[in-house]
Amino acid sequence: MPPAAGADYSAKKDEELVPLILLDPELYRHLMARHEERLVRYVSRISGLGRDDAEDVAQEALIKAYRNLADFDTSLKFTSWLYRIAHNETMSHFRRLKARPQVVRSDQEDDVDLAAWVAVDPDYPGHLDRHLAAQEIRDALGRLDEKYREVLVLRYLEERDYQEISDILRKPMGTVATLLNRAKASLRQVLAAGESNKKRDQQTI
């Protein structure tokens with residue numbers, strides 16, 4: 001039986017909408033409206049792609065999700081399943097180009113998120129300036145190995161929990177925890193090196 005005409009779908013969870021969309025594909029627009037913009041931001045954050053290219057990759061992910069909706073794994077959050085598809089589409093994009101993801105892009109909101117994270121992170125080295133410019137933090141993030149960059153983006157910018165990251169990356173939670181620890185250690189090293197170089201440059205002026 002198709003969904004009732006004029007029904008209010010805004011209060012329904014993603015997972016509740018999926019079976020309704022299988023009955024009435026037109027309802028997929030509700031999921032697109034919810035997730036399209038954030039998916040574009042995620043693709044851009046992990047890849048360094050500009051807005052237009054990130055939109056193209058996100059659109060491909062949304063199309064692939066629609067085509068495979070009947071195979072949606074109900075043990076997952078819909079967003080985890082969708083982000084997994086977006087991750088795979090992003091990696092496929094660079095494989096086709098025979099290239100690697102570039103320096104991470106960011107916007108003003110990301111700057112605030114990154115700076116706030118460094119300010120409260122208990123693992124952040126106390127001898128470093130906790131008020132490092134967000135631009136420096138972003139540049140350091142962009143110099144990390146892509147596997148470290150993505151896990152930091154998922155945890156601190158996308159605010160995904162360990163289970164969601166595990167589902168998106170298809171890695172055990174223990175591996176996710178290890179990746180996060182290594183990613184944070186790597187970022188701290190890059191930031192410390194940058195701070196040291198900046199002080200040395202100031203002394204030579």
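No lab work stands behind these numbers, since they all come straight from the coordinates. Just so it is clear, the model here is predicted, and its values are computed rather than measured. No Cβ is skipped: glycine too gets one built from the backbone with ideal geometry, and neighbour counts run over all protein chains shown.
Tabulated data for the structure shown
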quantity	calculated
Cα-Cα over 23 Å, subset of 12/77; 12/171; 12/147	12/171; 12/147
For peptides 53-61, 148-156, 10-18, 182-190, sequence by mean Cβ density within 10 Å, most packed first	148-156, 53-61, 182-190, 10-18
Karplus-derived HN-Hα couplings along region 35-51 (A = 6.51, B = -1.76, C = 1.60, θ = phi - 60°), whole Hz, x at Gly and Pro	10, 4, 5, 5, 5, 4, 5, 4, 4, 5, 5, 8, 10, x, 5, x, 4
At 1.002 mPa s and 20 °C, Stokes D of region 4-64 from Kirkwood alpha-carbon radius, µm² per second	169
